[in-house]
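The values are calculated or read from the model by the stated rules, or taken from the named source; none is laboratory data. The model shown is predicted, which means the values in this text are computed figures rather than measured ones. Positions of Cβ are backbone-derived with ideal geometry, glycine not excepted, and every protein chain shown enters the neighbour counts.
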Amino acid sequence: MASRRGPVIAVSGPPGSGKTTYARRLAEDLGLEFYSAGMFFRELAKKRGLTLLELNQLAAKDPSIDLEIDRMTYEVGLRGNVVVEGHLVAWVLRDIADVKIYVTAPLDVRVNRIAARDGVDVSVALRETIERENVHRRRFLAYYGIDINDLSIFDLVVDTSKLGIEEVYRVIREFVTLVLSRSR
Ligand SMILES: Nc1ncnc2c1ncn2[C@@H]1O[C@H](COP(=O)(O)OP(=O)(O)OP(=O)(O)O)[C@@H](O)[C@H]1O
């Protein structure tokens with residue numbers, strides 16, 4: 001459903017799937033503001049005078065940190081004219097997003113991408129990726145009763161391992177343009 005406040009596009013997917021790559025470009029091309037769960041996390045760390053590591057450690061014990069990130073995500077969604085990117089943001093914005101996109105790729109592809117991008121060992125990237133996905137999945141089930149393996153809320157699901165960046169982006173861009181033009 002189209003919002004009167006301007007488009008809200010949510011881009012979700014597991015670590016290393018390409019969310020940031022495609023969400024940033026969409027925002028640029030469509031003249032929308034770009035936000036990410038990572039940005040909200042950094043903003044919250046600053047507000048509380050904590051380092052990212054400290055906030056991470058706190059979040060592992062205190063569920064209110066992640067709920068605060070979800071609240072920040074929702075508030076930005078309510079403003080409209082945004083592309084919001086994050087593993088779980090599409091579920092947070094499920095009632096207000098005009099387009100919900102899920103990008104994904106097999107675990108081995110994503111882990112190799114993360115290792116190359118962050119300059120870390122593949123074994124380290126693998127451990128951290130699995131850990132991150134498990135934490136996110138458990139949290140969403142515990143707090144919202146939502147199974148994030150259920151992709152039925154999404155309008156478009158793209159396997160980013162099958163095509164190059166430009167081709168994937170073209171698929172996403174064309175789909176978003178079509179949906180927005182139909183819903184306005
Ligand atoms: N279709 C593709 N083919 C090859 N590499 C790709 C493709 N799409 C994205 N990548 C690369 O994968 C890496 C991960 O992409 P990106 O950082 O956008 O993922 P992400 O989902 O935001 O990751 P994270 O959740 O870890 O922040 C980047 O180096 C990006 O250039």
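Please verify whether region 65-74 includes one or more residues that are of a type in the set (Phe, Trp, Tyr) and within 16 Å of the ligand (Cβ to nearest atom). I'd like the intermediate steps shown before the answer.
Let us first name the residues in region 65-74 that are of a type in the set (Phe, Trp, Tyr), namely 74.
Subset that is within 16 Å of the ligand (Cβ to nearest atom): none.
Checked region 65-74: no residue is of a type in the set (Phe, Trp, Tyr) and within 16 Å of the ligand (Cβ to nearest atom).
Would you confirm whether any residue within region 14-30 is free of Cβ contacts under 8 Å to residues at least 40 places away in the same chain, more than 12 Å from the ligand (Cβ to nearest atom) and not hydroxyl-bearing (Ser, Thr, Tyr)? Reasoning before the result, please.
First pass over region 14-30, keeping only residues free of Cβ contacts under 8 Å to residues at least 40 places away in the same chain: 28.
Filter once more, keeping what is more than 12 Å from the ligand (Cβ to nearest atom): 28.
Those left that are additionally not hydroxyl-bearing (Ser, Thr, Tyr): 28.
Within region 14-30 (the criterion being free of Cβ contacts under 8 Å to residues at least 40 places away in the same chain, more than 12 Å from the ligand (Cβ to nearest atom) and not hydroxyl-bearing (Ser, Thr, Tyr)), the answer is yes, since at least one residue qualifies.
Given the options Lys61, Lys100, Lys19, name the one that is modelled with pLDDT under 95 and either closer than 21 Å to Arg137 by Cβ or among the hydrophobic types (A, V, I, L, M, F, W, C) (or both). If you could, list the steps in order and put the result at the bottom.
Values: Lys100 fails: modelled with pLDDT under 95; Lys19 fails: modelled with pLDDT under 95.
One residue alone meets the criteria, Lys61.
Report yes if some residue within region 61-70 is free of Cβ contacts under 8 Å to residues at least 60 places away in the same chain and of a type in the set (Val, Ile, Thr); otherwise report no. I'd like the intermediate steps shown before the answer.
Keep residues of region 61-70 that are free of Cβ contacts under 8 Å to residues at least 60 places away in the same chain, which gives 61-62, 64-65, 68-70.
Narrowing further to those that are of a type in the set (Val, Ile, Thr): 65, 69.
The answer is yes, given that some residue of region 61-70 is free of Cβ contacts under 8 Å to residues at least 60 places away in the same chain and of a type in the set (Val, Ile, Thr).
Here's the yes/no breakdown for (1) in a helix (DSSP H, G or I); (2) surrounded by 13 or more Cβ atoms within 10 Å (Cβ to Cβ); (3) not small (Gly, Ala, Ser):
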residue: Gly6; (1), (2), (3): no, yes, no
residue: Ile9; (1), (2), (3): no, yes, yes
residue: Pro15; (1), (2), (3): no, yes, yes
residue: Thr21; (1), (2), (3): yes, yes, yes
residue: Phe40; (1), (2), (3): yes, yes, yes
residue: Lys47; (1), (2), (3): yes, no, yes
**Report entry** Which listed residue is under 18 Å from Leu156 (Cβ atoms) and either more than 14 Å from the ligand (Cβ to nearest atom) or without any contact (Cβ under 8 Å) to a residue 12 or more places away in the chain (or both), from Ile101, Ile96
**Finding:** Ile96
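Among the residues of region 59-93, which ones are of a type in the set (D, E, K, R) and closer than 18 Å to Val135 by Cβ? If you could, list the steps in order and put the result at the bottom.
If we filter region 59-93 for residues that are of a type in the set (D, E, K, R), which is where we start, we get 61-62, 66, 68, 70-71, 75, 79, 85.
Listed by number, the residues that qualify are Lys61, Asp62, Asp66, Glu68, Asp70.
Quick check, is Val111 modelled with pLDDT of 95 or more, in contact with a Ser or Thr (Cβ under 6 Å, 6 or more places away or on another chain) and within 15 Å of the ligand (Cβ to nearest atom)? Break it down into steps so the answer makes sense when it comes.
Details: modelled with pLDDT of 95 or more: yes; in contact with a Ser or Thr (Cβ under 6 Å, 6 or more places away or on another chain): yes; within 15 Å of the ligand (Cβ to nearest atom): yes.
When the stated conditions are applied, Val111 passes them.
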Report task. Could you list all residues from region 27-44 that are aliphatic (A, V, I, L, M) and over 19 Å from Val89 (Cα atoms)? Result -> Leu30
